[in-house]
1. Restricting the first residue to the stretch 70-85 and requiring it to be open to solvent by 100 Å² or more (accessible area, probe 1.4 Å) and of a type in the set (S, T, N, Q), which pairs with a second residue that is modelled with pLDDT under 80 and part of a loop (DSSP other than H, G, I, E, B) meet a Cβ separation below 9 Å and a spacing of at least six or different chains?
2. Need at least 2 residues that are open to solvent by less than 10 Å² (accessible area, probe 1.4 Å) per element, so show me which strands (runs of 3 or more DSSP E) inside the stretch 1-63 make the cut, counting only ones lying wholly within it.
3. Those residues that are farther than 11 Å from residue 9 by Cα and among the hydroxyl-bearing types (Ser, Thr, Tyr), I need them from the stretch 29-56; list them, please.
4. Got a number for residues in the stretch 4-39 being touching a helix residue (DSSP H, G or I) at 6+ places or on another chain (Cβ under 7 Å) and modelled with pLDDT under 90?
Amino acid sequence: MKQKIVIKVSMNSPKSRSKALKIAVGVSGVDSAALGGQDKSQIEVVGEGVDAVELTTQLRKNVGHAELVSVGAVPEKKEEPKPQSQQIIWPYHGGGGVPHYVYSEVGGSNQCYSQDPYSCSIM
């Protein structure tokens with residue numbers, strides 16, 4: 001299960017922020033690392049099987065004071081099934097007896113209403 005780890009690190013310069021991020025992404029199991037908090041003093045790490053204590057210890061040794069703020073599970077995103085696209089073309093005899101074709105895509109927003117069947121592009 002993926003987890004999110006938040007560590008507060010005393011980072012005073014862009015160089016120390018860069019160094020802290022390099023350390024974070026170098027730890028086994030880390031998928032992503034980003035700066036967080038209002039003053040960008042927190043590192044938010046997302047990964048699977050990440051040792052939060054080891055990461056905090058490495059940050060203390062190489063960057064400065066580091067404090068483990070939180071460790072929690074990342075909720076799995078449920079993907080909603082997308083509607084299947086289906087093309088429908090049918091002749092329509094409106095007024096005057098001249099047929100024209102109506103194109104519509106079910107599940108999408110493409111629509112074409114034309115008296116000339118060749119003017120509707122279905123691609």
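1. 84/107
2. Values: elements: 2-9, 30-36, 42-48.
Fully inside the stretch 1-63 and qualifying: 2-9, 42-48.
3. 32
4. First pass over the stretch 4-39, keeping only residues touching a helix residue (DSSP H, G or I) at 6+ places or on another chain (Cβ under 7 Å): 5, 7, 9, 11, 19-20, 23-24, 27, 30, 33, 35.
Next, only the ones that are modelled with pLDDT under 90 stay: 11.
Final tally of qualifying residues: 1.
The values are calculated or read from the model by the stated rules, or taken from the named source; none is laboratory data. Just so you know, these numbers come straight off a predicted model, no measurement behind them. Backbone-built Cβ (ideal geometry, glycine too); neighbour counts: all protein chains shown. The accessibility values were calculated without ligands, DNA or RNA, using every heavy atom of the protein model including side chains. Shrake-Rupley method; radii C 1.70, N 1.55, O 1.52, S 1.80 Å.
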